[in-house]
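Bear in mind that the values in this text are calculations on the coordinates, not laboratory data. This structure is a prediction, so every number in the text was calculated from the model and none was measured. Using ideal geometry, Cβ is built from the backbone for each residue, glycine included, and neighbour counts are taken over all protein chains shown.
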Amino acid sequence: MMAAGQAAQAGAEVILLERNARLGKKLAITGKGRGNLTNSAELEDFIVQFPGHGRFLYSALYRFTNEDVRRFFHEQGVPTVEERGGRIFPQSQKASDLVDAMRRFIEQAGVRIHYGHRATAVGVRNGAVQYVNCGERQFAAEAVIIATGGASYPATGSTGDGYRLAVELGHLVETPYPALVPLETAETWVRELTGLSLKNVRVHLTVGKKTVAEEFGDMLFTHYGLSGPIILTASREAVKALRKGANPVVHVNLKPALTVEQLDARILRDFNKYSRKQFKNSLGDLLPQRLIDPVIKLSKIDGELLVNQINREQRGQLLAVLTDMTFTICGVRPLKEAIVTAGGVSRKEIDSSTMASKLIKGLYFAGEVIDIDGNTGGYNLQAAFSTGALAGFSAGAQE
Ligand SMILES: Cc1cc2nc3c(=O)[nH]c(=O)nc-3n(C[C@H](O)[C@H](O)[C@H](O)COP(=O)(O)OP(=O)(O)OC[C@H]3O[C@@H](n4cnc5c(N)ncnc54)[C@H](O)[C@@H]3O)c2cc1C
């Protein structure tokens, strides 16, 4: 949508082919329906949020910055607000407002939208694009921007068509795999905690003895394992380890604001307060109710014991569980449940200063169809907007 609108503003006659009956189905569900559209981070910090490949985005993020995105939506009547971690949301807290704004923008720019039109092939003659096929229909074109998204959440329309189109055009496509994806644990008891979210915890992910990721924030238990923002971010390293045949381990520190000594003192205070109660009835001040039973089981202390019978060693066992609750990761959820798709059209064959194909004249790529994937926090939408805008500027100005 951004690519189409910018190309039209640059003077091109633009047709937008959308396979769905409406625009922006995925955009409408971003940020749990609140639309975390970008982040207030500096450009260099953005680059870091695309581990190992952020440099590719430099020109795009420079030409159409996070400030440009905010200004763009503001001008379309969607003011934005900043939240924790620099995350930017529409003031209305409605991702659907972003979709409406995009639609207004492209309609005003004169883009003709064809709904229910699924692109099936891009035609090339003498090394330059000529047309796009949509089933029976054919649209002549001097430039084509492929912005079909990744292969996650296929019900939104992004089923990976762009990968196939790119391969047919001779482009290399790095094998798509899930990124920002919930993790499956070997511990099936987590099922009992489904829906429980933990705020301000610290997790670190180990592979063998090595810590490969560390995150602070919120996480969520699900019927298969772990999810929530910090787990999704850590999942990048978990996926890498699993692909190498290793089983990474997630360690959760439930009380990261306290040192072990402070936590021990805190437990002692509670134990004094509840000294005549059973152990299982003494943790209510420290833990969410649903977490008490699993913590007791993991601590291997008899829940029926009176608190004043618990010895120092047992208190040590409890401390260990509270500061290092471990989960063995045995898999990740499938690609269709990933927030973004890693892999995609190889960056090597795209000119990062224009988003043009290096192989075919008049062909451009934008958004998640490219082999880019960022962390949570608004980075992925910004990358889509920036690469979309750059592809639009370039295609619209094409001679
Ligand atoms: C649940 C969820 C929450 C998310 N939340 C956030 C968030 O808060 N912040 C953030 O930065 N990122 C978020 N993301 C990631 C972000 O939504 C994507 O990275 C972004 O939408 C990619 O944009 P895109 O334009 O490349 O692709 P898409 O948004 O997937 O759009 C591609 C469009 O192309 C259409 N299409 C596909 N194939 C064809 C075809 N052959 N012919 C015609 N049309 C076709 C599709 O129908 C679709 O409308 C979230 C993702 C998910 C799944």
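Numerical summary
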| item | result |
| --- | --- |
| Relative contact order for the chain, counting Cα pairs under 8 Å that sit 6 or more residues apart, in percent | 26 |
| All aspartates and glutamates inside 17 Å of Lys358 as judged from Cα atoms, apart from same-chain residues fewer than 8 positions distant | Glu142, Glu168, Glu174, Glu349, Asp371, Glu399 |
| Between region 322-388 and region 155-186, the alpha-carbon center distance in angstrom | 9 |
| Cβ-derived FRET efficiency at R0 22 Å, Ser352 paired with Leu172, nearest 0.05 | 0.90 |
| Region 182-332: relative contact order in percent, alpha carbon pairs under 8 Å with at least 6 residues between | 29 |
| Ratio Rg/Rh, restricted to the chain and using Cα atoms, in which Rh is the Kirkwood radius | 1.08 |
| Simple label model, 7 Å out from Cα along Cβ direction - Lys240 to Glu399, nm | 4.3 |
| Most fluctuating residue given options Tyr58, Tyr274, Tyr163, as computed from a GNM of the chain linking Cα atoms under 10 Å | Tyr274 |
| Net length gained if the chain between Glu82 and Arg276 were fully extended (0.36 nm per residue, minus Cα distance) | 65.0 nm |
| Anchor Lys240: lysines whose Cα lies under 22 Å away (excluding residues fewer than 8 positions away in-chain) | Lys209, Lys210, Lys336, Lys348 |
| Region 255-330, relative contact order in percent, only Cα pairs under 8 angstrom and at least six apart counted | 36 |
| Stretchable slack from Arg71 to Asn20, in nm (0.36 nm times residue separation minus alpha-carbon distance) | 15.6 nm |
| At R0 = 51 Å, FRET efficiency that the Cβ-Cβ distance of Arg125 and Glu44 yields, to 0.05 | 0.75 |
| For region 44-88 and region 220-284, distance of Cα centres in Å | 32 |
| Reach of Lys199 by Cα under 21 Å, taken over lysines that are not fewer than 8 positions away in the same chain | Lys32, Lys255 |
| Theoretical gain in end-to-end length, Arg118 to Thr156 [0.36 nm per residue, Cα-Cα removed] | 12.4 nm |
| Alpha-carbon spread of region 182-332, three principal axes, descending order, Å | 50, 28, 23 |
| Inter-label distance for Phe216 and Phe139, nm, one decimal - labels placed 7 Å from Cα along Cα-to-Cβ | 4.8 |
